[in-house]
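S.K.: Before we start, here is the structure in question, set down as C-alpha cells.
The values are calculated or read from the model by the stated rules, or taken from the named source; none is laboratory data. The structure presented is a predicted model; accordingly, all values stated were derived computationally and were not measured. FYI the Cβ positions are ideal-geometry reconstructions off the backbone, even for glycines, and counts take in every protein chain you see. Quick note on the areas: whole protein, heavy atoms, side chains included, nothing else; ligands and nucleic acids left out. Shrake-Rupley method; radii C 1.70, N 1.55, O 1.52, S 1.80 Å.
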Protein chains: 2
Amino acid sequence: MPLIQYLSRIHFDFGAIAGLGDEIVRLGLKRPLLVTDAGVADAGILQRALDAARPLDPVVYDGTTENPTERSLLDCIEIWNERGCDGVIALGGGSPIDLAKAVALLASHGGSLADYNVKQGGSDRIGKVARQIAIPTAAGTGAEVGRACVMSLLDGSKCVAVNLNMVADVVICDPELTLSLPSRLTAATGIDALSHGIETYCSPLENPPAAAIALDAVRRAAKWLPVAVQDGSNREARWEMMMAALMGGMCLQKALGAAHAMATPLGELHLHHGTLIGILLPHVLRFNAGHADLAYADLRGAASLPEDADLHVWLTEFVSGLGLPARLAELGVAADVLPEIAEKASKDHLAKTNPRPAGPEDYLTLLREAH
Amino acid sequence: MPLIQYLSRIHFDFGAIAGLGDEIVRLGLKRPLLVTDAGVADAGILQRALDAARPLDPVVYDGTTENPTERSLLDCIEIWNERGCDGVIALGGGSPIDLAKAVALLASHGGSLADYNVKQGGSDRIGKVARQIAIPTAAGTGAEVGRACVMSLLDGSKCVAVNLNMVADVVICDPELTLSLPSRLTAATGIDALSHGIETYCSPLENPPAAAIALDAVRRAAKWLPVAVQDGSNREARWEMMMAALMGGMCLQKALGAAHAMATPLGELHLHHGTLIGILLPHVLRFNAGHADLAYADLRGAASLPEDADLHVWLTEFVSGLGLPARLAELGVAADVLPEIAEKASKDHLAKTNPRPAGPEDYLTLLREAH
C-alpha cells in the first residue's frame, strides 16, 4: 500500500546562505557545531557560511572524510561535549551531511552508532534528534533532505541509521555555493541526481507525488547537467541542477533500483558514488527495458527524446558526453570481485524495487557488461 | 525566495481504513475523540471506522456543521476533558478535518480559538498540538494534508489558525469511502481538487516540487472527474480523484489566486466552496490569459487539449458537463453584495499570488461576469 511522506523547511535561491543567521536564531541555537570538510574550507565556502552565521560563531569541525567514519563522529561528539554545542550545521556534499546526522543522533541519544543500525532494528530507537541545518555545496545526492546516514564503523563495517526524525529541520540550498565546483565533480554528482529521478520513476511502488517530482527532476537534469558541466559559471544551469538534486532527494522515498543496489557494495571499494552510477545505470536501463514501458515513455518525454529512442543508448552517450568513465575497469575494479558484488547487490534492499526482478546471475551479467 | 515544505504520513489505497487500529496504537492513543458529521454517520462510514479502530472504542462527536463553528469546538473540548481523550481522529470532508485541528490545538494549548487567529499574529503561539489522524471521505479540499483550520467564532466572525504543527500526524486515504458519494457532491468537491492544481500551477511563486505535484493533480482530475461523476462506482476513477485531491492539498503551499480570493468572502454567505470555485475559475482563467503563458501551455498538455485551446472555454464546458451551476445567481447570490465581495477579495492574501494583479474593480467585473 502506498505510503507517502515529506519533510523539511527549505530555502532555495542564489544568496540563500545569507539567511543562515536568522535560521540559527529561529531554531534557538546558541552554539552550533558546523561539520564540513577540508575541500569546502579551502574553496572559501566555509568562510561564507561563518560570515552568514554572524554574530554567532559556530564551532567548526572540518575533518570529514569522503566516506564518513565513526572516528570523525567520536571527534565531533567530543567537541560537542567540550564546547557545549546545541545543534549542528552540515556544510558540504553527502559526507558532511551524513556525519552531521550521526552527530545529531548521538548527541541527543547517547550510546554508539551501532545501537541504531537499521540492520539490527535500531531505527525504532531513534526519537527526535538535535536540531540540524543542512547546506549542500554540490548538486547531487539530495542528502540535504534525506532521513538516513551511512557511516563506516571503527571495525570497518558499514552502518546505516534511518528515521524520519533525522531529517534536517532546515535546508539552505544556495546554487551560488556550487559555481566553483570543478566540471568533473559537477558531472559525477549531477549524474547521481539524474539517476534518482530515473530509478525512482521506474520503480513499481506507487507514490504519485514522488513520481511527479522525480519526472521533473529528470527533465531538469537532462537539460541542464551538460550545460553546468560545460560552463560552471552558468547560473541558470547551477540553479536548475541544485533543484534537480533537491527534487531527486525528495522523491527517493518511492524507492530505487538495480543501479543503486550495485553501487552500494561497489562503494565499499571507496569509489565515487555518482561515477559508479553513471557507469551502471545505462546497463540497468537496457536490462529493465520492456518491464516499465509507461515509465520509459514518460522518461523519453522528460528527456525530450523521440518516442522510439532507446533510453540506455541515450544515457550511455549522455554520460560519455559529460566526460565520465564508461567502464568499471577504468576505476580500477578487478574482475574477480564482481561475483561477490553481484551477490551483495542481489540481497540489497534496493534490489527489491527494481522493475525487473534480478538474481545474482543477472547482477553478475550486468556487472561484467559494465566492466 | 522559494520556501518548500512537506509533511504527513499518508496511507493511500482501497481498504486503507483497515490500518486505523494499527495507527492508533502506533501513536500511543488510548482514548481518541473521533470527530465527524451526521452525513458520514448516516452513510455507514462512521461504523466502518469504528470497526477498524477495534479493540479501541473512540469517543464519537458527530455534530460537525458544514462550516465548523466554535460552538462545536467547545462541545468537543468538553467531551475531551470529561472523557480524558488523548488524540483526535477526523472523519469526513473539510469541515470535520478543520474542526479536529482546532480540537487538537485547544486541547493541547488551552485558551480560546481567537488567541491563535492568524490575523492577530496568533500563528506564532502554536506549538506541537495533540495527535491527529485525518480520514477524508470525499475527494476535494485536500484538507487532510492541510496546516490550517477555518472556523466561525461565536460572534459570527471567521477565524483562521495556521501552523505546520497542525498538520495531521497520519492521513488515511481510502477511496472505498467515497464510492457512495452522490454525483453532485462528487462534482462539486472534485472541481475544488482540480482548481487547486490549476491555481497553484499558475501562481508566480517558485516551488518546483509543488508545481510538479500540481500539474499531475490536474492531469488526473481532468481525466477522471467526469468519469467519477458519471459512474460513482468506478473504482479507478475514485482512486484517481482521491489522489488528485491529496496532491491538490500537497501543492497548495505554492499559493492560490483570484478564484479562491473570491470564494473566501462568498463562502461567508454559506455557499458550497467547490460549487463557487467551479463558477469562478473559468472567468479567472480568461482574466489571467496572457499573464502565465508557460503555465497555460503546460496545463493544456495536462488536460490533453490542443495547443491553441482556450483554457477558460474548456473549463466552462467541463464544469457544465459535470452538471454544476455556471452562475452565482443560480446559488441565490444577490447582485448588490458583489461590490463588497470584490472589495474583500482584493484584500484577501490569496489575491497577492494571482498571476495578473487585480484590484477591486477587476474583481467586481469578474464577479458580475460570473453572476
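S.K.: Could you order the peptides A:97-104, A:199-206 from most to least packed, using the average number of other C-beta atoms within 10 Å per residue?
M.R.: Values: A:97-104: 29.1, A:199-206: 23.2.
Ranked by mean Cβ neighbours within 10 Å, highest first: A:97-104, A:199-206.
S.K.: Over chain B, what relative contact order in percent results from Cα pairs under 8 Å that are six or more residues apart?
M.R.: Numbers: 747 pairs, mean separation 56.5, N = 371.
Worked out over chain B, it gives 15 percent.
S.K.: Summarise the partner chain shielding of A:205-218 as one whole number: the mean count of Cβ atoms from other chains within 10 Å of each residue's Cβ. Walk me through the numbers on the way to the answer.
M.R.: Details: counts 0, 4, 2, 12, 15, 3, 3, 13, 8, 1, 3, 7, 3, 0.
Per-residue shielding by partner chains comes out at 5.
S.K.: If you don't mind, there's one more thing I want to ask. Could you tell me the relative contact order of the stretch A:9-177? Use alpha-carbon pairs under 8 Å, at least six residues apart, and round to a whole percent.
M.R.: Working: 350 pairs, mean separation 47.5, N = 169.
Value for the stretch A:9-177: 28 percent.
S.K.: Another question about this same structure. Give the accessible surface of the stretch B:9-177 per residue, rounded to a whole number of Å², with probe radius 1.4 Å and ligands, DNA and RNA excluded. Write down the numbers at each step before the final one.
M.R.: Details: 6320 Å² over 169 residues.
Per residue, the stretch B:9-177 has an accessible area of 37 Å².
S.K.: Just reorder B:R368, A:R356, A:R327 by solvent-accessible area, largest first, 1.4 Å probe, all chains present. Could the numbers behind the result be given before it?
M.R.: On the way: B:R368 145, A:R356 75, A:R327 105 Å².
Result, largest first: B:R368, A:R327, A:R356.
S.K.: Something else about it: With everything on Cα atoms, drop me the angle between helix A:258-267 and the longest principal axis of chain A, reported from 0 to 90° to the nearest 10.
M.R.: For helix A:258-267, the angle is close to 50 degrees.
S.K.: Continuing with this model, one more query. Answer with one residue from A:V218, A:M241, A:L285: the one whose Cα lies farthest towards the positive end of the charge dipole of the stretch A:183-370, charges on Cβ with Lys, Arg +1 and Asp, Glu -1.
M.R.: A:M241
S.K.: Could you give the distance between the Cα centres of the stretch A:286-335 and the stretch B:312-330, to the whole Å?
M.R.: 46
S.K.: Now for a separate question. Helix A:183-202 against the longest principal axis of chain A: what's the angle in degrees, Cα atoms only, rounded to the nearest 10?
M.R.: The answer is roughly 70 degrees.
S.K.: If contacts are Cα pairs under 8 angstrom and at least 6 residues apart, what is the relative contact order of the stretch B:183-370 in percent?
M.R.: Reported as a whole number, the value is 28 percent.
S.K.: I would also like to ask the following. Using protein chains only and a probe of 1.4 angstrom, how many square angstrom of B:D124 are accessible, to the nearest 10?
M.R.: Taking all protein chains as shown, B:D124 has close to 140 Å².
S.K.: Using a 1.4 angstrom probe on heavy atoms only, work out the carbon and sulfur share of the accessible area of the stretch A:9-177 in %. Please report the intermediate quantities before stating the final value.
M.R.: Working: 3030 of 6330 Å².
Roughly 48 percent of what the probe reaches on the stretch A:9-177 is carbon or sulfur.
S.K.: Per residue, what volume in Å³ does the Cα convex hull of the stretch A:81-195 take up? Display every interim value, and only then the final one.
M.R.: Numbers: hull volume 14.4 nm³, N = 115.
Taking the convex hull of the Cα positions in the stretch A:81-195, it is 125 Å³ per residue.
S.K.: Would you kindly work out, in nm and rounded to one decimal, the distances from the label point of A:E236 to those of the same position in each other copy, ordered shortest first, with label points 7 Å along Cα-to-Cβ?
M.R.: Here A:E236 shows inter-copy label distances of 4.0 nm.
S.K.: Would you mind giving the three semi-axes, in whole Å and largest first, of the ellipsoid equivalent to chain A according to its Cα gyration tensor?
M.R.: Values: eigenvalues 209, 108, 70 Å².
Over the Cα atoms of chain A, the ellipsoid semi-axes are 32, 23, 19 Å.
S.K.: Follow-up. Amide H neighbours of A:V171 under 5 Å, counting only residues 5+ apart in sequence or on other chains, H built in-plane at 1.01 Å?
M.R.: Residues meeting the amide H criterion: A:R9, A:I10, A:H11, A:A134.
S.K.: Suppose we look only past 13 Å in the calculated P(r) of the stretch B:200-257. What percent of the Cα-Cα pairs does that tail hold? Intermediate values should be presented prior to the final figure.
M.R.: Details: 927 of 1653 pairs.
Every Cα pair in the stretch B:200-257 considered, those over 13 Å come to 56 percent.
S.K.: Heavy atoms only, 1.4 Å probe, whole protein assembly: order B:H283, B:H273, B:H196, A:H270 by accessible area, highest first. Intermediate results must be reported in sequence, preceding the final value.
M.R.: Values: B:H283 35, B:H273 65, B:H196 5, A:H270 135 Å².
Sorted by accessible area, descending: A:H270, B:H273, B:H283, B:H196.
S.K.: Which residues does a label at A:A329 reach in the stretch A:251-276, if reach means a backbone N under 18 Å from a point 7 Å past the Cα toward the Cβ?
M.R.: A:276
S.K.: Hey, another quick one. Enter the buried accessible area of the B/A pair, total of both sides, probe 1.4 Å, in Å² rounded to the nearest 100. Display every interim value, and only then the final one.
M.R.: Working: alone 15260 and 15260 Å², together 28280 Å².
Roughly 2200 Å².
S.K.: What does the charge dipole of the stretch B:183-370 about its Cα centre add up to, to the nearest 20 debye, if the Cβ of each Lys and Arg holds +1 and the Cβ of each Asp and Glu holds -1? Provide the component values of the computation, followed by the final result.
M.R.: Numbers: 15 positive and 22 negative charges, 78 e Å.
Its charge dipole is roughly 380 debye.
S.K.: Turning to a different aspect of this structure: At 1.4 Å probe radius, can you tell me the per residue accessible area of the stretch A:298-371 in Å²?
M.R.: Ligands and nucleic acids excluded, the result is 53 Å² per residue.
S.K.: Also, I was wondering about something else. Output, in nm with one decimal and in ascending order, the distances from the A:R125 label point to the matching label points of the other copies (7 Å from Cα along Cα-to-Cβ).
M.R.: 4.2
S.K.: Using only the Cα atoms of the stretch A:141-270, each taken as one equal point scatterer with no solvent, compute I(q) by the Debye sum, divide by I(0), and report log10 of the ratio at q = 0.11, 0.12 Å⁻¹.
M.R.: Values returned for q = 0.11, 0.12 Å⁻¹ are -0.41, -0.48.
S.K.: Taking the label point 7 Å from Cα in the Cβ direction, how far apart in nm is B:G15 from each other copy of itself, listed shortest first?
M.R.: Nearest first, the other copies' label points are 5.5 nm away.
S.K.: Something else now. So, counting K/R as plus one and D/E as minus one, what does the shell of residues with Cβ under 12 Å around A:R300 add up to? Could the numbers behind the result be given before it?
M.R.: Working: positive: A:R219; negative: A:D293, A:D298, A:E307, A:D308, A:D310.
Around A:R300, the surrounding residues sum to -4.
S.K.: Can you give me the P(r) profile for the stretch A:91-153? Cα pairs, bins 10 angstrom wide beginning at 0, each as a whole percent.
M.R.: The percentages, shortest bin first, are 22, 53, 23, 1.
S.K.: Let me ask another. Of all alpha-carbon pairs in the stretch A:279-371, indicate the percentage at a distance above 21 angstrom. Don't skip to the end; give the middle numbers.
M.R.: On the way: 1621 of 4278 pairs.
It works out to 38 percent of all Cα pairs.
S.K.: A further question on this structure: Among the lysines, which fall within straight-line cross-link reach of A:K101, defined as a Cα-Cα distance under 24 Å, with same-chain neighbours fewer than 8 residues apart omitted?
M.R.: Hits, sequence-local ones excluded: A:K30, A:K119, A:K128, A:K158, A:K254, B:K128.
S.K.: Once Rh is set to the Kirkwood radius over Cα pairs, what Stokes-Einstein translational diffusion coefficient, in µm²/s, holds for the stretch B:9-177 at a temperature of 10 °C and a viscosity of 1.306 mPa s? Don't jump to the answer; show the numbers that get you there.
M.R.: Details: Rh = 15.5 Å.
Estimated diffusion coefficient is 103 µm²/s.
S.K.: Could I ask something else about it? Considering every residue in A:11-19, what mean count of other chain Cβ atoms within 10 Å of its Cβ is obtained?
M.R.: Numbers: counts 4, 8, 4, 1, 1, 3, 0, 1, 2.
Shielding by partners across A:11-19 averages 3.
S.K.: Order B:207-216, A:15-24 from most to least packed using the mean count of other Cβ atoms within 10 Å. Intermediate results must be reported in sequence, preceding the final value.
M.R.: Values: B:207-216: 26.0, A:15-24: 19.4.
Order by mean packing, descending: B:207-216, A:15-24.
S.K.: Right, another one. Using +1 at the C-beta of Lys and Arg and -1 at the C-beta of Asp and Glu, which of A:A138, A:I24, A:L105 has the Cα lying farthest in the positive direction of the dipole of the stretch A:9-177?
M.R.: Value computed over the given set: A:L105.
S.K.: Just how large is the dipole of the protein assembly as shown about the Cα centre, in debye to the nearest 20, putting +1 at every Lys and Arg Cβ and -1 at every Asp and Glu Cβ? Mind dumping the intermediate values first?
M.R.: Working: 60 positive and 88 negative charges, 148 e Å.
Dipole about the Cα centre, nearest 20: 720 debye.
S.K.: Let me know the charge dipole size of chain B about its Cα centre in debye, to the nearest 20, where only the beta-carbon of Lys, Arg (+1) and Asp, Glu (-1) is charged.
M.R.: Details: 30 positive and 44 negative charges, 127 e Å.
Computed about the Cα centre, the dipole is about 620 debye.
S.K.: Once the other residues with Cβ under 15 Å from the Cβ of B:G94 are scored (Lys, Arg +1; Asp, Glu -1), what is the net sum?
M.R.: On the way: positive: B:K101, B:R147, B:K158; negative: B:D37, B:E66, B:D98, B:E144, B:D192.
Here the count lands on -2.
S.K.: Can you give me the distance in nm between label points at B:S157 and B:H371, each placed 7 Å from the Cα along the Cα-to-Cβ direction?
M.R.: Each label point is offset 7 Å from its Cα along the Cβ direction, giving 2.7 nm.
S.K.: Continuing with the same structure: Short version: what are the Cα gyration tensor semi-axes of the stretch A:183-370, square root of 5 times each eigenvalue, largest first, in whole Å?
M.R.: Working through the eigenvalues yields semi-axes of 24, 20, 14 Å.
S.K.: Based on alpha-carbon centroids, what's the gap between the stretch A:53-123 and the stretch B:153-193 in Å, whole number please?
M.R.: Cα centroid to Cα centroid, the span is 41 Å.
S.K.: With the Cα gyration tensor of the protein assembly as shown in hand, convert its eigenvalues to equivalent ellipsoid semi-axes via √(5λ) and list them largest first in whole Å. It would help to have the intermediate numbers written out before the result.
M.R.: Working: eigenvalues 370, 180, 133 Å².
For the protein assembly as shown, the ellipsoid semi-axes come out as 43, 30, 26 Å.
S.K.: Also, quick follow-up: 222 nm [θ] for chain A, helices only, -39500 (n - 2.57) per DSSP H run of 4+, per residue, to 500? It would help to have the intermediate numbers written out before the result.
M.R.: Values: 14 runs with 179 residues, N = 371.
Helix-only estimate at 222 nm: -15000 deg cm²/dmol.
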